[in-house]
Amino acid sequence: MTVNRSATEWLIRWDGDSSISSAAELKSVLLEGLAARPELELDLTGASEVGIAILQLLWAFARAAREQNCKFASQVPEVILCAARDAGFEGFPGDASAGSPEGTMDEG
């Protein structure tokens, strides 16, 4: 995972596989982003595998971002969106077909 930070925007790019330790690292970055209030963009296009812990974390983060009016955009490959749908995560970030709730979250 890489994070490119500026005063107004953060790009969080996920590459490779996920694990419990990487979920903890991602959680830390996402919480820091919510506190700092930049525009956040999550790019999962380089992810080769995303586990259930990461899916849960991203779903919860998207919900928290909407509740706190934090701008959030995401780029999520269809294979990850399918996994999220199969796991029951309705309104997963980036899943326009699921009718994600409207708000300040932009879906890419």
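The table below lists the values:
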| read-out | value |
| --- | --- |
| Segment 75-90 residues that are at pLDDT 90 or above, paired with ones that are hydroxyl-bearing (Ser, Thr, Tyr) and not in a loop (DSSP other than H, G, I, E, B) (beta carbon under 7 Å, 6 or more apart) | Gln75/Thr45; Pro77/Thr45 |
| Residue in segment 22-31 that is of a type in the set (Ser, Thr, Tyr), over 13 Å from the mean Cα position of the chain (by Cα) and buried (at least 17 other Cβ atoms within 10 Å of the Cβ) present | yes |
| Close pairs (8 angstrom Cβ cut-off, 6 or more residues apart or separate chains): surrounded by fewer than 14 Cβ atoms within 10 Å (Cβ to Cβ) and modelled with pLDDT of 90 or more in segment 51-69, part of a helix (DSSP H, G or I) and among the basic types (Lys, Arg) anywhere | none |
| Enumeration of residues in segment 6-47 that are touching a Gly at 6+ places or on another chain (Cβ under 9 Å), within 18 Å of Ala65 (Cα to Cα) and not hydrophobic (A, V, I, L, M, F, W, C) | Arg13, Glu41, Asp43 |
| Restricting segment 26-49 to residues that are among the charged types (D, E, K, R) and assigned to a strand (DSSP E or B), the residue that is farthest from Ser74 (Cα to Cα) | Glu39 |
| Residue among Phe72, Phe92 that is of a type in the set (Phe, Trp, Tyr) and more than 18 Å from Asn4 (Cα to Cα) | Phe92 |
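The values are calculated or read from the model by the stated rules, or taken from the named source; none is laboratory data. None of the values given here were measured: they were computed from a predicted structure. Backbone-built Cβ (ideal geometry, glycine too); neighbour counts: all protein chains shown.
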